[in-house]
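First comes the structure, then the notes that go with it.
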Amino acid sequence: MTLDSEHSHANDAKIQDVTINARDNDIAGNQASVDLAAEYESSGVAEVLRELDEELIGLAPVKQRIRETAALLLVDRARRALGLSHQTPTLHMSFSGNPGTGKTTVAMKMADLLYRLGYVRKGHLVSVTRDDLVGQYIGHTAPKTKEVLKKAMGGVLFIDEAYYLYKPDNERDYGQEAIEILLQVMENNRDDLVVIMAGYADKMDMFFRANPGFRSRIAHHIEFPDYSDDELMQICESMLAEQNYLLDAGAKQAMQDYITQRRAQPHFANARSIRNALDRARLRQANRLFSQAKGPLTAKQLSTICEEDIRASRVFKGGLDVDRATS
Amino acid sequence: MRITQGCFSFLPDLDDTQISKQIEYCLENGWAIGIEHTDDPHPRNTYWQMWGNPMFDLRDAKGVMMELDDCRKMHGDDYIRLCAFEDERGIESVKMSFIVNRPAEEPSITMTRSDYVDRAQKYAWQVNR
């Protein structure tokens with residue numbers, strides 16, 4: 001609440017400026033000015049971008065695009081304050097990239113950013129997939145989609161695996177109905193919510209080709225690159241640091257080997273694969289401590305993951321049995 | 001005859017901006033908002049028809065306003081009210097309710113009086129539609 005009232009005070013001051021300027025209606029004679037650098041700090045955008053830089057490893061092109069978007073919105077806001085533009089810019093976005101490349105995390109940051117800039121009123125993120133939008137029988141889809149949209153009002157609606165909404169091989173699929181409602185809301189309620197669609201790059205391309213309505217309503221297409229091996233290693237270490245674990249020298253080497261090998265195997269999901277690998281390594285570490293420990297354990301022993309905890313992974317034996325059988 | 005009920009009954013009708021602000025207040029308190037409508041505004045008629053389910057988990061008034069617009073389209077000639085339900089244990093009840101739509105021509109309420117045993121009198125109110 002306090003934040004809002006401060007904002008509205010600032011807006012009041014600007015509105016006065018605008019009315020004065022509207023009278024002479026001359027841009028060159030417009031004496032009002034906006035300090036962008038001050039706006040950048042005071043709106044909290046600087047803080048969000050700093051967080052983005054610090055918390056997310058890699059993703060340089062994504063960060064660049066977000067910085068550009070933030071600059072655009074900041075300038076647009078300043079222009080609006082001076083009465084130079086009146087329309088809400090189109091803010092709907094698409095995030096394309098492989099699984100585990102940080103799309104949801106970035107979407108949350110984006111929601112925060114848009115909230116700080118005043119483009120969404122509440123700044124919450126509602127994350128949904130096809131199941132939340134599309135019903136199972138006739139007349140079930142519209143209420144379901146509307147229910148989700150109502151919850152997302154004032155915030156950001158994040159549609160994960162958005163291309164599942166459209167199933168070209170089944171013309172009676174209810175996904176089309178959800179798509180129509182979405183398109184309508186994206187057009188009519190631009191002030192009320194921002195839609196972010198996410199999914200694999202190639203499938204999203206196909207989805208947009210089949211639904212040109214979306215392509216024209218989405219202003220920002222952001223591509224998420226895969227992480228490099230080094231970046232994944234950094235991610236791995238920061239994940240462990242968060243939980244007060246550490247890798248010993250042997251485990252570090254094992255982890256690097258793990259990353260290279262895991263990447264070549266099916267269902268590789270970047271950071272998510274790393275997180276799952278670490279979860280399993282912790283399990284094995286706990287098991288090892290439990291079965292082998294003699295006498296009391298120190299904090300260091302409790303928080304060190306050794307080489308054998310990682311080397312025991314199935315990845316080093318050629319992946320999951322199911323994958324080997326099929327591929 | 002202008003019929004009033006619930007919150008703000010001594011105020012002129014709220015406009016949409018004012019309704020939105022009241023909804024924001026309800027949502028801030030974590031209350032779920034239901035939309036109800038009826039053509040019978042008799043004070044004893046507590047059972048109004050529900051317009052969909054009460055809306056839980058909303059964050060912004062716009063969600064309610066969308067439903068309200070739909071309800072007005074269908075039942076523009078009914079009384080429509082918003083009820084804010086608090087689900088906290090021990091309360092579990094409607095905490096606030098106010099009228100957001102009334103018919104262009106409102107029914108009148110008249111009183112009838114009848115004699116009863118031992119010159120007692122009984123009163124009843126009738127909504128004349």
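Sort out which residues of the range B:86-129 are part of a strand (DSSP E or B), of a type in the set (A, V, I, L, M) and within 30 Å of B:Phe56 (Cβ to Cβ), and write them in order of number. Across the range B:86-129, the qualifying residues are B:Val94, B:Met96, B:Ile99, B:Val100.
How many of the residues in the range A:147-181 are assigned to a helix (DSSP H, G or I) and either within 14 Å of chain B (Cβ to nearest Cβ) or free of Cβ contacts under 8 Å to residues at least 40 places away in the same chain (or both)?
Matching residues across the range A:147-181 total 11.
Selection of the range A:92-101 for residues being surrounded by 23 or more Cβ atoms within 10 Å (Cβ to Cβ) and of a type in the set (Gly, Ala, Ser) yields A:Ser94, A:Ser96. Residues that are part of a helix (DSSP H, G or I) and crowded, with 20+ Cβ neighbours inside 10 Å were ranked within the range B:23-57; the one that is farthest from the chain's Cα centre (by Cα) is B:Leu27. So is B:Ile91 within 11 Å of the chain's Cα centre (by Cα), more than 14 Å from chain A (Cβ to nearest Cβ) and either free of Cβ contacts under 8 Å to residues at least 60 places away in the same chain or surrounded by fewer than 18 Cβ atoms within 10 Å (Cβ to Cβ) (or both) or not? So B:Ile91 does not fit the description; no.
Residues in the range A:167-183 that are over 12 Å from A:Leu149 (Cα atoms) and small (Gly, Ala, Ser): A:Gly175 only. In this structure, A:Val194 does satisfy being touching a residue at least 24 places away in the same chain (Cβ under 8 Å), within 14 Å of chain B (Cβ to nearest Cβ) and under 21 Å from A:Leu59 (Cβ atoms). Counting only residues that are within 12 Å of chain B (Cβ to nearest Cβ), open to solvent by less than 60 Å² (accessible area, probe 1.4 Å) and not in a loop (DSSP other than H, G, I, E, B), the range A:111-143 holds 4 of them.
The lone criterion from (1) surrounded by fewer than 19 Cβ atoms within 10 Å (Cβ to Cβ); (2) in a helix (DSSP H, G or I); (3) of a type outside the set (A, V, I, L, M) left unmet by A:Pro89 is number (2).
Out of the range B:62-80, which residues are among the aliphatic types (A, V, I, L, M) and more than 8 Å from every other protein chain (Cβ to nearest Cβ)?
Kept after step one, since they are among the aliphatic types (A, V, I, L, M), are these residues of the range B:62-80: B:64-66, B:68, B:74, B:80.
B:Met65, B:Leu68, B:Met74, B:Ile80, listed by residue number.
Annotation for the range A:94-104: at least one member residue is within 19 Å of A:Gln184 (Cα to Cα) and in contact (Cβ under 8 Å) with a residue 60 or more places away in the chain. When restricted to residues that are small (Gly, Ala, Ser), part of a helix (DSSP H, G or I) and open to solvent by 30 Å² or more (accessible area, probe 1.4 Å), the range B:58-85 contains 0.
The values are calculated or read from the model by the stated rules, or taken from the named source; none is laboratory data. All values derive from a computational prediction rather than experimental measurement. As a convention, Cβ positions derive from the backbone with ideal geometry for all residues, glycine included, and neighbour counts pool all protein chains shown. Just so you know, the surface numbers come from the protein's heavy atoms only, side chains and all, with ligands and any DNA or RNA stripped out. Shrake-Rupley method; radii C 1.70, N 1.55, O 1.52, S 1.80 Å.
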